Each structure stands twice: as C-alpha cells, then as structure tokens.
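The values are calculated or read from the model by the stated rules, or taken from the named source; none is laboratory data. Values in this document were obtained by computation on a predicted structure and should not be read as measured data. Here the Cβ positions follow ideal geometry from the backbone for every residue, glycine too, while neighbour counts run over all protein chains shown. SASA here: full protein model, heavy atoms, side chains in, ligands and nucleic acids out. Shrake-Rupley method; radii C 1.70, N 1.55, O 1.52, S 1.80 Å.
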Amino acid sequence: MFQFPKKQKLCSEKEIEILFAKGKSISEKPLRAIWVFEENNDNVFVKVLIVVSKKRLKLAVDRNVIKRRIKEAYRLQKKQLEFFLESNNQQLNLAIIYQQEEISDYKLLEEKIKLLLSRLIKKL
C-alpha cells in the first residue's frame, strides 16, 4: 500500500527536461513543487523526482538525509494525489525541490509535503 517502487520515480532525462521547461510550480517553504501532465502509458499516475541542491547543502550526507526524509513523507502522503489522478485518468510528473540551507526535521517536512500535495490537488 505505501510503496515507492522504481516505476514511480522520474528517471528519464527527456521527461525531466520537459518538466523543468514547461512545468507549473507552487511553493511551500522550504519545498517547491513543479509538475506537468504526461500521457498515461505505464499505469502509474505519479512519477516523482526529489531534488536537493548541492549549492544549498554542500555535504552529500546532508543531501541524502533530506532526500530520505522527503521520500518517506511523500510515500506516506501520496495516496490522496493518486486517487485524484486515477479518477481523472491522468499521469503527472512531479519534482519536489528542497530550498533551504540547513537540515529540517522530519515532522516539518512531513507537514509541508502534506500541505504541498493538498494545494497541488486543488490547483489541478
């Protein structure tokens, strides 16, 4: 039920370029979401990319900690977004970008992901 398999990760360079070129965005400090609709080819409704900038967090250890926390918070909150997209038969490519220079705790990230996803559903 609460899985995050490879199929749900955005890996294609072509799709990532399109996402950043044509995507719409919303921001909820310290996170920003960019999304674009895609044709529904492979029975997956959301493909996600998690970005933590090397410019903001220099150490790879810190970037990996933030990525893990965001992945876990997203994994637990994504059901509502998937149900919405499934009912409309749409596929969404989504990038979640971390925009802070210090490490945030998990509770804050979880709260912000929940808020970001609910705002995203309202925008769609």
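Hey, got the dipole for the chain? About the Cα centre, +1 on K and R Cβ, -1 on D and E Cβ, debye to the nearest 20?
In total the dipole reaches around 320 debye.
Can you tell me the 0 to 90 degree angle between the C-alpha axis of helix 79-88 and the longest principal axis of the chain, rounded to 10?
30
Considering only C-alpha atoms, what is the centroid distance from the range 1-73 to the range 92-124, in Å?
Centre-to-centre (Cα) distance: 10 Å.
Got a number for carbon plus sulfur as a percent of the range 29-111's accessible area, 1.4 Å probe?
Carbon plus sulfur share of accessible area: 48 percent.
From the phi angles alone, apply the Karplus equation (6.51, -1.76, 1.60; θ = phi - 60°) to the range 108-123 and give each ³J(HN,Hα) in whole Hz, x where the residue is Gly or Pro.
Using θ = phi - 60°, the values come out as 5, 5, 4, 4, 5, 5, 4, 5, 4, 5, 5, 5, 5, 4, 5, 5 Hz.
Could you order the peptides 53-61, 107-115, 18-26, 68-76 from most to least packed, using the average number of other C-beta atoms within 10 Å per residue?
68-76, 107-115, 18-26, 53-61
Which links in Lys54/Lys112; Lys14/Lys107; Lys9/Lys122 stretch past 30 Å when you go from one Cα to the other?
Lys14/Lys107
When percent of Cα pairs over 23 Å apart is calculated directly from the model, which label among (i) 26; (ii) 23; (iii) 31 fits?
Of the listed options (i) 26; (ii) 23; (iii) 31, (i) comes from this structure.
Working from Cα positions, state the angle (0 to 90°, nearest 10) between the long axis of helix 13-22 and the longest principal axis of the chain.
The helix 13-22 is inclined about 90 degrees to the chain.
Leu49's amide H: which non-local residues (gap 5+, or another chain) put their own amide H closer than 5 Å, with H modeled 1.01 Å from N in plane and none for Pro or chain starts?
Sorted by chain and number, the residues that satisfy this are Leu10, Leu94, Ala95, Ile96.
Could you work out [θ]222 nm for the chain from helices alone, using -39500 (n - 2.57) per DSSP H run of at least four and dividing by all its residues? Round to the nearest 500 deg cm²/dmol.
After summing the helix terms and dividing by the residues of the chain, the value is -14500 deg cm²/dmol.
Per 0.36 nm of contour for each residue apart, how much would the distance between Leu124 and Glu101 grow if the chain were fully extended, relative to their Cα-Cα spacing?
Between Leu124 and Glu101, full extension yields 5.3 nm more.
Quick one: accessible area per residue over the chain, 1.4 Å probe, rounded to a whole number of Å²?
About 60 Å² of surface per residue is accessible.
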